[in-house]
Amino acid sequence: MIDRLIAFLVLLFARGKRRRTEPLDRLVPEAPAQRPWELVAAALLFLAMLSAAAFVPIYAIDSLGHIQTQLLGLSLGLAFAFVAAACVVFAKRLVPQETVVEPYPAPETEHEQERLGELVAESGDGLTRKRLLKFAGAGAGAALGAALLTPAASLGPFIDVAQLRKTAWRRGVRLVDDFGDPIPAKRVHVGSFLTAYPEGADHDALGSPLVVVRLRIQDLQLPEARAGWAPGGIVAYSKICTHAGCAIALYRAPLFEPTSSRPALVCPCHYSTFDPAAGGKVLFGPAGRNLPQLPLEIDGEGNLHAAGTFSGPPGPSWWGVRFR
Amino acid sequence: MIRRLVRYLDQRSGTAPLLRRALRYVFPDHWSFLLGEIALYCFVILVATGIYLTLFFDPSTAKTVYHGSYAPLHGVTVSQAYRSAVDLSFHTKAGLLMRQTHHWAADVFLVAIVLHLMRVFFTGAFRKPRDLVWYVGVAMLMLAILEGFLGYSIVDDLLSGMGLAIAYSVVMSLPVVGANIALLLWGSPFPGTSGFESRMYIAHVFVFPVLLVILITVHILSIAARHHTQFPGRGKTEGHVVGTPTFPGYVPRTLGLAFGVAAVLFLLGGLVQINPIWQWGPFETAQATNGAQPDWYLGWLIGGLRLMPGFDVSVGQYTLVPNPFWGGALFPLVVFAFLFAWPTIESRVTGDTDFHNLLDRPRDAPWRTAVGAAVFSWVAIVFFAGASDRVFVWLKISYSGQIWFFRGAAFVAPVVVFLFVRELCEELREGPQGSQGRVRIVEK
């Protein structure tokens, strides 16, 4: 009953929309003339032409200077907008408006599925050692796959993870600034913040950059084993966050001691916050381990140099790294 | 003329019957069906502007001293990649227009994909026989996010480098093999060998676009093979599709949309600044800037990284699973696993394995709508947490207070949203516009 109702509806619907007056051999219903809308479409296309044509002189005139990009974008954007508007006029007013009803494709063709299965099954009828051939095929495929993947190993020294621990810092290496000049201890003031690198090493390696700050000696709460690491209250930590490898680019220095929070080194990526007075302990944020500290010494010329290497591996962690 | 062309083609390919069928393919009408098309046209603009950019961009990390027209960078040591990106913005005429349009198109591309995905989810369009289309679509979303990330990473400005440092630590955090994979991809410890830039570049301009083209083709062909879904209505049944034929009706409509998308993207590219890399400066490992935000489609990952409480899974003095794994790897994996698994979950739970050509209105499937809204709210909470530093700057709301709020909300909001949306659907169904009020013809 419902089937018939639908058939009736469909016929009625399709008829009403498509074939009211036109002769039977038309494929598309006749569209009534819409002369004003044709003019509108033509005008829009004309505007698009003007807009697009303006692109060339705008491109050519260098004296436009700083607004050239804006004008180029405006001209191209408006040209596209006018063409779009013309298309809409075409779609809504100038082409025949029709609503077509079409059956959905059959959900499945069971007969064909079976024939396909048969085709494959019958093609293998003559084989007597199917299991053997399957194993042989699988073996060949796996070996070939492994062979073809092997060149990917050239991408990087992926077995040697020990190199992730390497840094240029060892006893006696001088701290230098951006320009490669040594850093006198007296250049580091309480409340200031300095970036330093190992002399003669690659500045961009994860284990290189240091953040150096000076705290008052009475404020230091370093672990006992690090008692001599901060000459004159100057402490140095790896500048690379132990969470996600960004640079610790923020220093929260107390501006007015009675109300300020304690000094802190902060990473601007995910706001891991470390305590420079307490050996780089995590105060807040997602970092899972402390900031590695570098023991410092002041040499005969008053410059800072390393008294050893970091208290832990600098930079982000990985499976199996020893963090103390 | 047309007839001669058709005859020429038909005699050589026999495609006239196929073409005629294609020209009379039926497109059901609803505004929400256009979201996927918007994504498609964004992709076209991305390819076109992207090809233009490759003619000027130099993907090399070789160092050079900048002496271009942007005075604040004079004398700064930068990579060729960064210098060429700045130069194509300032020296190449129309270069900045193309670069900004490319960047805007990427952002709009992902907006369109995500909205399209939500439309398909909440109307049940992913059900048999279109579950394959859904899987391909979700795969394309993953590819598009990676492709966008690679795109702004190859420029080698400060934000690029910060993003790559984070990506590196997320890869490093993968259990057992993280460090090995990171060394394979980067070629050496961060910031990697000079080959890493070439790898990103070929992936961005060739591998990923080709994969996307293949998947888009599969996506569209498999829709066409089963025809579009439609909302129930007069004459629209499980057996019959009602709509506008490709030609003459639909072609001007979709061309209008295509040119409209192009218009918006070029107007944005010309008038609204995006990613002014000369202000960020070149990347150095020891540099980072405060208040940095990635492109919007990575906001949920930065949020995930920020929300995790600070701990590494460790045994004794050895780290096993570092913290970035949870927010940067597991969280997106869970979301994508949910999306991939949903068609199966739903048909298992409801026992519905039928073919569906008619869409549900969201209210007519309260359970699905509520689950979808809950998952979406969960991701949205984490997404907003990614912007909490900006909120701190604008509204002076304590950053750590916000983080604790979002940590709580990530657990509470999905439950509340689930209960609320389920109730809302039930209420709507009973209202005057509910399902009873609509003509709904079901064909056996």
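The values are calculated or read from the model by the stated rules, or taken from the named source; none is laboratory data. Since we're looking at a predicted model, the values are computed, not measured. Reconstructed Cβ throughout: ideal geometry from the backbone, glycine too, with neighbour counts over all protein chains shown. All accessible areas refer to the heavy atoms of the entire protein, side chains included, with ligands and DNA or RNA removed. Shrake-Rupley method; radii C 1.70, N 1.55, O 1.52, S 1.80 Å.
Is it true that some residue in the range A:158-176 is part of a helix (DSSP H, G or I), farther than 22 Å from B:M172 by Cβ, hydrophobic (A, V, I, L, M, F, W, C) and open to solvent by less than 80 Å² (accessible area, probe 1.4 Å)? No, that holds for no residue.
For the range B:290-324, a tally of residues being outside any helix (DSSP H, G or I), of a type in the set (G, A, S) and touching a Pro at 6+ places or on another chain (Cβ under 8 Å) returns 3.
Table: residues versus (1) among the aliphatic types (A, V, I, L, M); (2) more than 9 Å from chain A (Cβ to nearest Cβ); (3) out of contact with any Lys or Arg (no Cβ under 8 Å at 6 or more places or on another chain).
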residue: B:D312; (1), (2), (3): no, no, no
residue: B:L320; (1), (2), (3): yes, no, yes
residue: B:F325; (1), (2), (3): no, yes, yes
residue: B:F336; (1), (2), (3): no, yes, yes
residue: B:L339; (1), (2), (3): yes, yes, yes
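Among the residues making up the range A:199-254, those that are charged (D, E, K, R) and part of a loop (DSSP other than H, G, I, E, B) are A:E199, A:D202, A:D204, A:R216, A:K239.
Meeting the requirement of 3 or more residues that are in contact with a Gly (Cβ under 7 Å, 6 or more places away or on another chain), the helices (runs of 4 or more DSSP H) wholly within the range B:6-94 are B:80-90.
Can we say B:F196 is within 8 Å of chain A (Cβ to nearest Cβ) and either open to solvent by 60 Å² or more (accessible area, probe 1.4 Å) or more than 20 Å from B:A39 (Cα to Cα) (or both)?
Numbers: within 8 Å of chain A (Cβ to nearest Cβ): no; either open to solvent by 60 Å² or more (accessible area, probe 1.4 Å) or more than 20 Å from B:A39 (Cα to Cα) (or both): yes.
So B:F196 does not fit the description; no.
Residue check: B:P248 meets all listed conditions (1) open to solvent by 20 Å² or more (accessible area, probe 1.4 Å); (2) without any contact (Cβ under 8 Å) to a residue 24 or more places away in the chain; (3) closer than 18 Å to A:K92 by Cα but one, namely (1).
Scanning the range A:211-230 for residues that are more than 14 Å from A:S192 (Cβ to Cβ) and out of contact with any helix residue (DSSP H, G or I) (no Cβ under 7 Å at 6 or more places or on another chain) gives A:Q218, A:D219, A:Q221, A:P223, A:E224, A:A225, A:R226, A:A227, A:G228, A:W229, A:A230. For the structure I just gave you, tell me whether B:W404 is without any contact (Cβ under 8 Å) to a residue 60 or more places away in the chain, buried (at least 21 other Cβ atoms within 10 Å of the Cβ) and within 30 Å of B:P309 (Cα to Cα). For B:W404, the condition - without any contact (Cβ under 8 Å) to a residue 60 or more places away in the chain, buried (at least 21 other Cβ atoms within 10 Å of the Cβ) and within 30 Å of B:P309 (Cα to Cα) - is not met. In the condition set (1) surrounded by fewer than 16 Cβ atoms within 10 Å (Cβ to Cβ); (2) among the small types (G, A, S); (3) touching a residue at least 60 places away in the same chain (Cβ under 8 Å); (4) farther than 24 Å from B:G239 by Cα, B:S347 is compliant with all but (4). Scanning the range B:191-232 for residues that are closer than 22 Å to A:S154 by Cα and in contact with a Pro (Cβ under 8 Å, 6 or more places away or on another chain) gives B:E197, B:S198, B:M200, B:Y201. Each residue in the range A:24-60 was checked for being open to solvent by 80 Å² or more (accessible area, probe 1.4 Å) and more than 10 Å from chain B (Cβ to nearest Cβ), and 16 pass. The residues in the range A:216-238 that are open to solvent by 10 Å² or more (accessible area, probe 1.4 Å), in contact (Cβ under 8 Å) with a residue 12 or more places away in the chain and not small (G, A, S) can be counted, and the count is 10.
Exactly one residue out of B:H227, B:H219 is open to solvent by 20 Å² or more (accessible area, probe 1.4 Å) and touching a helix residue (DSSP H, G or I) at 6+ places or on another chain (Cβ under 9 Å), and it is B:H219. Of all the residues in the range A:59-82, those that are among the β-branched types (V, I, T) and more than 35 Å from the chain's Cα centre (by Cα) number 1.
Residues in the range A:76-96 that are more than 7 Å from chain B (Cβ to nearest Cβ) and over 20 Å from B:Y41 (Cβ atoms): A:R93, A:L94.
Yes or no, residue by residue, for (1) more than 8 Å from chain A (Cβ to nearest Cβ); (2) over 22 Å from the mean Cα position of the chain (by Cα); (3) part of a helix (DSSP H, G or I):
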position: B:L211; (1), (2), (3): yes, no, yes
position: B:I216; (1), (2), (3): yes, no, yes
position: B:G243; (1), (2), (3): no, yes, no
position: B:P252; (1), (2), (3): no, yes, yes
position: B:L257; (1), (2), (3): no, no, yes
position: B:N275; (1), (2), (3): yes, no, no
position: B:Q279; (1), (2), (3): yes, yes, yes
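Considering the conditions (1) closer than 26 Å to B:K63 by Cβ; (2) within 11 Å of chain B (Cβ to nearest Cβ); (3) small (G, A, S), A:G180 is excluded by exactly one of them, (2).
Yes or no: B:F149 away from chain A (no Cβ under 13 Å), open to solvent by 20 Å² or more (accessible area, probe 1.4 Å) and under 30 Å from A:C241 (Cα atoms)? Here the answer is yes, as B:F149 does meet what is asked.
Within the range B:288-313, the residues that satisfy the criterion of being within 27 Å of A:S311 (Cα to Cα) and crowded, with 19+ Cβ neighbours inside 10 Å are B:A288, B:L305, B:R306, B:M308, B:D312. Screening the candidates A:L294, A:L283 for the property of being in contact (Cβ under 8 Å) with a residue 12 or more places away in the chain and open to solvent by 10 Å² or more (accessible area, probe 1.4 Å) yields one hit, A:L283.
Quick one: which helices (runs of 4 or more DSSP H) lie wholly within the range B:325-444 and hold at least 2 residues that are closer than 19 Å to B:W134 by Cβ?
On the way: elements: B:331-350, B:366-385, B:388-395, B:399-430.
Answer list for the range B:325-444: B:331-350, B:366-385.
Scanning the range B:106-141 for residues that are outside any helix (DSSP H, G or I) and either surrounded by fewer than 20 Cβ atoms within 10 Å (Cβ to Cβ) or of a type in the set (D, E, K, R) (or both) yields B:R127, B:K128, B:P129, B:R130. Scanning the range B:55-85 for residues that are within 14 Å of chain A (Cβ to nearest Cβ), among the hydrophobic types (A, V, I, L, M, F, W, C) and under 14 Å from B:Q279 (Cβ atoms) turns up B:A71, B:V76, B:V78. Scoring A:T273 on the criteria (1) touching a strand residue (DSSP E or B) at 6+ places or on another chain (Cβ under 7 Å); (2) open to solvent by 40 Å² or more (accessible area, probe 1.4 Å); (3) not hydrophobic (A, V, I, L, M, F, W, C) leaves a single failure, condition (2). Considering only residues in the range B:384-398 that are surrounded by fewer than 19 Cβ atoms within 10 Å (Cβ to Cβ) and within 17 Å of B:L305 (Cβ to Cβ), the one that is farthest from the chain's Cα centre (by Cα) turns out to be B:F392. Hey, any hits in the range A:33-55 for a residue that's modelled with pLDDT of 95 or more, farther than 21 Å from A:K92 by Cβ, in contact with a Ser or Thr (Cβ under 6 Å, 6 or more places away or on another chain) and not hydroxyl-bearing (S, T, Y)? Scanning the range A:33-55 turns up at least one residue that is modelled with pLDDT of 95 or more, farther than 21 Å from A:K92 by Cβ, in contact with a Ser or Thr (Cβ under 6 Å, 6 or more places away or on another chain) and not hydroxyl-bearing (S, T, Y).
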